[in-house]
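Before any comments, here is the structure.
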Amino acid sequence: MEKKVRLTLPDGSVREYPQGVTAAEVVKSIGPGLAKAALAAALDGRPVDLSTPINSDAAFAALTFDSPEGRQVYRHSASHLMAQAVTELYPGTKVAIGPAIEDGFYYDFERDAPFTPEDLAKIEAKMAEIVRRDLPIEREEVPREKALEHFRALGESYKVELITELPAGETISFYRQGDFVDLCRGPHLASTGRIKFFKLLSVAGAYWRGDERNKMLQRIYGTAFDKKEQLDAHLAKLEEIKKRDHRRLGKEMDLFSLHEEAGAGLAFWHPKGARMRSIVEQHWRERHFAGGYEVLYTPHIGKEWVWQTSGHLKFYRENMYSPLDIDGANYYLKPVNCPMQILIYKSGHYSYRDLPLRWAELGTVYRYERSGTLTGLFRVRGFTQDDAHIICTPAQMDDEILRVLDFSLSMLADFGFKDVKIELSVRDPQNPGKYAGLDDMWVKAEASLVKALKSRGIDYQRMEGEAVFYGPKIDIKIRDSLARLWQCSTIQFDFNMPAAFDMTYIAEDGSKQRPYMVHRALLGSLERFFGVLIEHYAGNFPLWIAPVQVAVMSITDAQRDYAAGVADQLAAAGLRVKRFLGSEKVGAKIRDAELEKIPYMAVAGAREAASGQVSLRRHGQGDLGARPVAELIAKLRAEVDGKARPED
């Protein structure tokens with residue numbers, strides 16, 4: 001009697017097939033449309049090739065380009081396609097690794113000559129040729145020694161290194177397409193002909209395994225899509241990202257600069273950028289005071305004892321800078337603010353009546369980042385973090401978590417970020433022993449985070465095993481105007497530091513108890529958040545945070561005094577004004593104000609001066625008509641006070 005396997009499909013239906021049926025045959029039996037769209041399959045959630053035989057009951061799903069797993073398979077195969085093209089065009093080039101990444105793929109190569117834009121065009125053409133060959137992509141499992149022998153014979157030292165580091169008993173698999181063979185776990189597409197639309201984007205240097213002590217390789221980035229319109233839309237988005245690059249706009253708008261000669265990864269805030277930052281910080285303080293927080297300031301350096309007690313010297317030393325010898329003692333630049341705030345707590349005596357405490361700080365921290373990872377304001381070595389710590393009793397925990405969740409979402413909305421993705425990082429249930437704190441504390445903390453999210457009807461992704469060792473957390477990622485996600489807010493329980501620093505409070509029964517402590521970073525790094533703001537708005541900031549809100553300009557010298565008086569009135573109303581009162585033509589003044597992305601322009605000519613009005617222009621929109629100065633002030637104040645965004 002023929003053995004059968006039972007496969008449960010995504011809709012819950014169950015189908016029986018002969019044992020050994022391939023994933024491709026199952027997909028074909030479901031329907032021709034799915035068979036055409038399927039790139040791979042998943043058995044019990046594990047992606048596999050379509051050629052994989054199925055020998056036991058399982059949950060079965062076809063993976064198409066519409067799924068994250070399907071896109072990963074598609075782009076991983078595109079990286080192999082590119083590697084084959086490179087090795088055919090440039091014999092002797094060594095291949096390293098080539099994964100799929102978000103929206104694309106890359107492959108690292110060792111080659112003496114640098115890849116040029118002309119080379120990328122040749123590689124793309126060769127890739128198209130290999131696609132036309134429609135080569136089958138075949139998986140082969142091989143013994144370790146055979147794998148080593150194969151790549152040693154080719155001189156592929158990077159593959160040899162990867163194989164030697166695989167644990168004993170690990171399955172080693174090759175993927176073959178024509179004469180090209182790569183070391184890979186897979187899965188992959190059935191053939192090269194399945195890859196439809198792709199584009200090579202750029203070349204960058206990359207140290208082997210990200211280690212600066214290793215050889216610098218050449219990394220070619222590319223992207224691939226299943227439909228031409230998807231590729232075209234993505235390439236258009238990349239062009240828009242280039243236009244919005246905060247490094248370019250920051251220079252053009254005179255907001256900040258970076259100086260290699262002074263130190264990589266250090267931001268210099270220019271007057272306009274510093275004005276914006278001070279506005280953001282002032283709003284942050286006002287919201288925190290109104291929200292029941294107190295603001296702290298703590299030192300930038302601390303003795304070795306602080307970081308030994310906190311655990312940073314044990315677990316985080318590679319991200320800290322070398323110590324300073326001060327009077328024979330080692331001092332370190334602080335990588336975090338938490339221990340300093342705890343020392344303030346330790347200097348007092350608290351009972352349950354004093355809790356909760358909500359302490360916030362705009363604290364500058366210093367962390368070592370490899371030079372190759374530094375990216376404008378997005379990744380720097382010195383940055384200001386808007387840290388807060390909530391210290392509370394177990395009974396207060398649920399209310400405080402809900403409070404901080406609401407506060408975080410409200411503050412992000414102030415800056416125009418209302419579209420968010422929430423991730424809940426919890427323990428690995430299979431390995432509870434690797435986490436700090438009592439099991440009961442973890443259970444209650446995770447339940448409190450879930451309760452807060454559910455009470456607000458917020459969808460979230462549960463990330464099993466993603467919690468750091470000292471507590472579960474909520475991560476809030478904001479989605480910008482180009483649909484990119486940015487990590488900003490974190491609500492993080494900490495069961496390690498309260499114990500390490502022996503934090504206690506006097507409970508109702510007179511006993512000493514350990515408080516719960518919640519870390520909360522809201523905007524995250526101010527530098528990084530500033531970079532996100534620039535790119536989100538393309539420099540066209542909401543009026544309330546724009547460094548200059550109104551450009552006042554005269555048409556001729558005859559209106560200079562009147563325009564100056566208008567500027568004085570606007571400034572007296574608390575608006576930030578730039579005067580364009582020179583002898584240049586008004587068209588040149590308007591052009592300069594547009595280039596500076598000043599939100600509004602108040603133009604005064606003879607007619608306006610005679611009637612006590614100004615002609616109002618909006619950046620990017622043009623003329624809004626004449627209006628009295630008092631009406632203009634009322635309009636702009638309402639926009640500032642309401643924190644309206646440009647599109648509102």
So which aspartates and glutamates can Lys635 reach, going by Cα to Cα under 14 Å and dropping same-chain residues fewer than 8 places off?
Asp648
Compute the Cα gyration tensor for the range 261-413, then decide on rounded, prolate or oblate, letting a ≥ b ≥ c be the square roots of its eigenvalues: rounded whenever a/c is under 1.5, prolate when a/b is larger than b/c in the other cases, and oblate in all that remain.
oblate
Measure up Lys227/Lys421; Lys227/Lys473; Lys4/Lys196; Lys4/Lys28 against 29 Å on the Cα-Cα distance and list the ones that go over.
Lys227/Lys473; Lys4/Lys196
Would you please name the trypsin sites (Lys or Arg not before Pro) within the range 360-412 that are DSSP coil residues with at most 14 other C-beta atoms within 10 Å of their C-beta?
Arg370
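Restricting to DSSP H runs of at least four residues, report the calculated mean residue ellipticity at 222 nm for the chain, -39500 (n - 2.57) per run over all residues, nearest 500 deg cm²/dmol.
-11000 deg cm²/dmol
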Roughly speaking, what is the centre-to-centre gap between the range 392-441 and the range 447-477 when only Cα atoms are used, to the nearest Å?
5
Quick one: net charge around Ile54, please, counting Lys, Arg +1 and Asp, Glu -1 for every other residue with C-beta under 13 Å from its C-beta.
0
In whole percent, what relative contact order does the chain give with Cα contacts below 8 Å and a gap of six or more residues?
8
Could you tell me the distance between the Cα centroids of the range 264-328 and the range 523-563, to the nearest Å?
28
With an 8 Å Cα cut-off and a minimum separation of 6 or more residues, compute the relative contact order for the range 3-120 in percent.
19
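Pick out, in residue order, every one of the GluC sites (Glu not before Pro) in the range 423-516 that is DSSP loop and has at most 14 other C-beta atoms within 10 Å; say none if there are none.
Glu508
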At q = 0.11, 0.14, 0.21 Å⁻¹, what is the log10 ratio I(q)/I(0) for the range 486-604, with the Debye formula run over Cα points and no solvent?
-0.59, -0.72, -1.09
Within the range 489-591, trypsin sites (Lys or Arg not before Pro) in DSSP loop having at most 13 other beta-carbon neighbours inside 10 Å
Lys585
Within the set of other residues whose C-beta is less than 12 Å from the C-beta of Leu523, count the net charge using Lys and Arg as +1 and Asp and Glu as -1.
-1
I need the shape label for the chain. Rule: rounded when a/c is under 1.5, else prolate if a/b > b/c, else oblate, with a, b, c from the alpha carbon gyration tensor.
oblate
Descending principal axes extents, the range 399-486, alpha-carbon based, whole Å:
42, 28, 19
Per residue value of the accessible surface for the range 455-564 (all protein chains in place, 1.4 Å probe), Å²:
35
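Express the relative contact order of the range 238-334 as a whole percentage, based on alpha carbon pairs under 8 Å and six or more residues apart in sequence.
The value is 16 percent.
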With 28 Å as the limit, write out which pairs from Lys94/Lys199; Lys237/Lys451; Lys243/Lys477 have Cα-Cα distances beyond it, or answer none.
Lys237/Lys451
In nanometres, what is the gap between the two model label sites at Phe469 and Trp305, each 7 Å from Cα along Cα-to-Cβ?
2.4
Within the chain, what whole-number % of the accessible surface is contributed by carbon and sulfur, with the 1.4 Å probe and all protein chains included in the calculation?
51
Residue-count net charge about Thr171 - beta-carbon cut-off 9 Å; Lys, Arg +1, Asp, Glu -1:
-1
Roughly what % antiparallel, to the nearest 5, for the DSSP beta bridges in the range 404-501?
80
Using 12 Å as the cut-off for backbone N distance, which residues of the range 47-75 belong to the label zone defined by a point 7 Å from the Cα of Lys227 along Cα→Cβ?
65-66
Using a/c under 1.5 as the rounded threshold, could you call the range 209-334 rounded, prolate or oblate? The axes a ≥ b ≥ c are square roots of the C-alpha gyration tensor eigenvalues, and prolate needs a/b larger than b/c, oblate otherwise.
oblate
Using θ = phi - 60° and the Karplus relation 6.51 cos²θ - 1.76 cosθ + 1.60, list the HN-Hα couplings for the range 481-494 in order, rounded to whole Hz, with x at every Gly or Pro.
5, 9, 6, 8, 9, 10, 6, 10, 8, 9, 10, 10, 6, 10
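Determine the percent antiparallel among the DSSP beta bridges restricted to the range 1-61, to the nearest 5.
Bridges in the range 1-61 are about 85 percent antiparallel.
Residues of the range 92-140: accessible area per residue at 1.4 Å, in Å²?
Details: 2480 Å² over 49 residues.
Counting only protein heavy atoms, the per-residue value for the range 92-140 is 51 Å².
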Accessible area per residue in Å² at 1.4 Å probe, computed on the range 289-340:
57
The lysines whose Cα lies under 21 Å from the Cα of Lys346, excluding any fewer than 8 residues away in the same chain, are Lys303, Lys334, Lys512
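The values are calculated or read from the model by the stated rules, or taken from the named source; none is laboratory data. Please read these numbers as outputs of a predicted model, since none were measured by experiment. Reconstructed Cβ throughout: ideal geometry from the backbone, glycine too, with neighbour counts over all protein chains shown. Quick note on the areas: whole protein, heavy atoms, side chains included, nothing else; ligands and nucleic acids left out. Shrake-Rupley method; radii C 1.70, N 1.55, O 1.52, S 1.80 Å.
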